[in-house]
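J.: This is the structure I have questions about; it appears just below.
The values are calculated or read from the model by the stated rules, or taken from the named source; none is laboratory data. Since the model is a prediction, treat every value here as computed from it, not as a measurement. Heads up, the Cβs are rebuilt from the backbone with ideal geometry, glycines too, and the neighbour counts pull from every protein chain shown.
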Amino acid sequence: MLLKFFYDPGLAQASYLIGCQEIGEALIIDPARDVTPYLAAAEDEGLKITQVAETHIHADYLSGTRELAAATGAVMYLSDTGGDDWKYQFTDPNTVLLKDGDTWQLGNVKIEVIATPGHTPEHVCLLMANTANSGTPVGIFTGDCLFVGAVGRPDLLETAAGITHSAGQLARRLFDSLQHLKDLPDYVQVWPGHGAGSACGKSMSSMPFSTIGFEKLTNPALQFTDKAVFADWLLIDQPEPPAYFGHMKKVNKEGPTLLRDVVPPQPLEFRQLDDILDAGHLVIDTRSGHEYAYGHIPGTLNAPSTSRKFNTYAGWLINYSEPFYFIAHEEQLDYILHELRAIGADSLAGYWTADVFEYATVMGQIEYVTMISASELEKGLDIYFVLDVRSATEFKDGHIPGAYHAMYGLLDDHLQNLPDDLPIAIYCQTGIRSIVAASMLLKHGITNVVQMEGGYEAWQALNRSLEQNATT
């Protein structure tokens, strides 16, 4: 038996290859849309991918299950436990629908289905055993039910998909699902669908794997004995779900478009830029935040491809029902396209390379973002409207005195609360999200904007330095 681990650090998303060398076949669990790594790994091991399975309908990335089945002819194993509203709609004669307690084989590898509703109604965990030995369970693929140090969030159907009054009910169902998992032997390994940095749960560990026994000892969510208390605790301080999550749920349920059928974006000429911006279309400047601050084309939004969270930033900005465009350094084009495809941003219509700024500079079409240091802000707190664009949890844990909070992805909902008579000093944790927010305000015509370099980390360092100087 062979197990391989795949990880996308941008989406903090894990997927797995299970191989049975005796029959030369492999199963992929929770694949990403780009199936190239799985095909390459299987070829390296002399295996043929014959099966692909999902733990649930994903919200944070476009599933590669349909893509992989089309590429290899693999049988798709999909949950049929979620009721009429949460059934996969792209099943075909090559699909096996799974119920609680079902089992199937990959040579000597046995997979048992455990229904674990809570994160989503149709969620299942997949328990793996090696029948060539004793048949004792080896590990469990827990998807978004159980993470290392955390559990899946039960509120996405409500906050992202708009299913009202579902969060509390799913939180209570998740409690029951976790009790079921706690009954497994302590030695069973836990292979989750996400790690630290994912918005599918709160306070996840950066450790990739665990065991049932270790989670029972250390995972805060597994210490509760009262279902109602657990549900109340779990629903507090969940991270804001990115705007694209609702679209992902819909597409992953209906069936993602195969990459061979996606129209590639076209390179565009500078003269087309004004017309596209004037028509109200989204143009994302994917250069770094510093490059954007030191000169950008008015009306463009910044989502820096230099950050590993690029597709999350872009996902907050994109309207999936409308075409959009981007500006990028030529060497970043393939990476950007890959990251946008990973979240199903298939309405990407065209792009410009960064030499567009040579023409824009000649034409006088360049705008800037004023940068200030933490010390400059500290000295002028009385003349700035300080805007914190981090998550609600980050703001709650500590912020600049008097700061107004508006998470960057939800900034449009707060525009009416921003002043006309004061410069707005924006900050986040390190400086990336604040430049995204600055670009959003500039696009709305709010030009009295400055960005605090270094973010809250720079503010904390400054105040530690001031405190040290005061005591010496």
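J.: What are the residues in the range 214-230 that are touching a strand residue (DSSP E or B) at 6+ places or on another chain (Cβ under 9 Å) and more than 15 Å from residue 152 (Cα to Cα), if any?
T.: 214, 218 - these are the residues of the range 214-230 that are touching a strand residue (DSSP E or B) at 6+ places or on another chain (Cβ under 9 Å) and more than 15 Å from residue 152 (Cα to Cα).
J.: All but one of (1) surrounded by fewer than 19 Cβ atoms within 10 Å (Cβ to Cβ); (2) at pLDDT 95 or above; (3) assigned to a loop (DSSP other than H, G, I, E, B); (4) not polar (S, T, N, Q) hold for residue 110; which doesn't?
T.: Checking residue 110 against (1) surrounded by fewer than 19 Cβ atoms within 10 Å (Cβ to Cβ); (2) at pLDDT 95 or above; (3) assigned to a loop (DSSP other than H, G, I, E, B); (4) not polar (S, T, N, Q), the one that fails is (3).
Okay, residues lined up against (1) in contact with a helix residue (DSSP H, G or I) (Cβ under 8 Å, 6 or more places away or on another chain); (2) at pLDDT 95 or above:
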site	(1), (2)
307	yes, no
320	yes, no
323	no, yes
326	yes, yes
336	yes, yes
340	yes, yes
343	yes, yes
348	yes, yes
357	no, no
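J.: Would you check which residues across the range 287-306 are within 21 Å of the chain's Cα centre (by Cα) and surrounded by fewer than 18 Cβ atoms within 10 Å (Cβ to Cβ) and list them?
T.: Correct list: 288, 306.
J.: Further, regarding this structure: Could you say which residue among 213, 193, 197 is out of contact with any Asp or Glu (no Cβ under 6 Å at 6 or more places or on another chain) and either surrounded by 15 or more Cβ atoms within 10 Å (Cβ to Cβ) or not polar (S, T, N, Q) (or both)?
T.: 197
J.: Let me ask something else about it. Could you please let me know if residue 70 is part of a helix (DSSP H, G or I), assigned by TED's automatic domain parsing to the domain that holds residue 109, touching a residue at least 60 places away in the same chain (Cβ under 8 Å) and surrounded by fewer than 19 Cβ atoms within 10 Å (Cβ to Cβ)?
T.: yes
J.: Can you confirm whether residue 394 is of a type in the set (Asp, Glu) and either under 21 Å from residue 317 (Cβ atoms) or modelled with pLDDT of 95 or more (or both)?
T.: yes
J.: Checking the structure you have, find out if any residue of the range 78-95 is in contact with a strand residue (DSSP E or B) (Cβ under 8 Å, 6 or more places away or on another chain), closer than 18 Å to residue 28 by Cβ, outside any loop (DSSP other than H, G, I, E, B) and without any contact (Cβ under 8 Å) to a residue 24 or more places away in the chain.
T.: yes
J.: Right, here's the next one. Scan the range 17-30 for residues that are surrounded by 23 or more Cβ atoms within 10 Å (Cβ to Cβ) and touching an Asp or Glu at 6+ places or on another chain (Cβ under 9 Å) and report the count.
T.: So the count comes out to 4.
J.: Exactly one of these conditions fails for residue 213: (1) in contact with a Pro (Cβ under 6 Å, 6 or more places away or on another chain); (2) modelled with pLDDT of 95 or more. Give me its number.
T.: Answer for residue 213: the failing condition is (1).
J.: Condition first: surrounded by fewer than 24 Cβ atoms within 10 Å (Cβ to Cβ) and either assigned to a strand (DSSP E or B) or at pLDDT 85 or above (or both). Now tell me which residues in the range 151-165 satisfy that.
T.: 155 - this is the single residue of the range 151-165 that is surrounded by fewer than 24 Cβ atoms within 10 Å (Cβ to Cβ) and either assigned to a strand (DSSP E or B) or at pLDDT 85 or above (or both).
J.: If you don't mind, there's one more thing I want to ask. Identify all residues within the range 103-137 that are touching a residue at least 60 places away in the same chain (Cβ under 8 Å) and under 16 Å from residue 3 (Cα atoms); write none if there are none.
T.: 106, 107, 108, 109, 111, 126, 127, 128, 130, 132
J.: Identify all residues within the range 125-147 that are buried (at least 23 other Cβ atoms within 10 Å of the Cβ) and either touching an Asp or Glu at 6+ places or on another chain (Cβ under 7 Å) or over 27 Å from residue 225 (Cα atoms) (or both); write none if there are none.
T.: Those that are buried (at least 23 other Cβ atoms within 10 Å of the Cβ) and either touching an Asp or Glu at 6+ places or on another chain (Cβ under 7 Å) or over 27 Å from residue 225 (Cα atoms) (or both): 128, 143, 146.
J.: Inside the range 231-249, can you point out the residues that are assigned to a helix (DSSP H, G or I) and closer than 17 Å to residue 123 by Cβ?
T.: 231, 234, 245, 248, 249, listed by residue number.
J.: Let me ask something else. In the range 263-302, which residues are more than 30 Å from residue 366 (Cβ to Cβ) and modelled with pLDDT of 95 or more?
T.: Within the range 263-302, none qualify.
J.: If I filter the range 414-429 for residues that are modelled with pLDDT under 95, assigned to a helix (DSSP H, G or I) and not small (Gly, Ala, Ser), do I get at least one hit?
T.: No, the range 414-429 contains no residue that is modelled with pLDDT under 95, assigned to a helix (DSSP H, G or I) and not small (Gly, Ala, Ser).
J.: Could I ask something else about it? Based on this model, can you work out whether residue 53 counts as among the aliphatic types (A, V, I, L, M), closer than 18 Å to residue 344 by Cα and either at pLDDT below 95 or outside the structural domain of residue 307 (by TED's automatic domain parsing) (or both)?
T.: Criteria not met by residue 53.
J.: While we're on this one: What tally of residues in the range 166-176 results from selecting those that are surrounded by fewer than 23 Cβ atoms within 10 Å (Cβ to Cβ) and either closer than 22 Å to residue 54 by Cβ or among the β-branched types (Val, Ile, Thr) (or both)?
T.: 3
J.: Please enumerate the residues belonging to the range 215-232 that are of a type in the set (A, V, I, L, M, F, W, C) and in contact (Cβ under 8 Å) with a residue 12 or more places away in the chain.
T.: 221, 222, 224, 228, 230, 231
J.: Another one. So in the range 268-286, with the set limited to residues that are of a type outside the set (A, V, I, L, M, F, W, C) and in a loop (DSSP other than H, G, I, E, B), which one is surrounded by the most Cβ atoms within 10 Å (Cβ to Cβ)?
T.: 286
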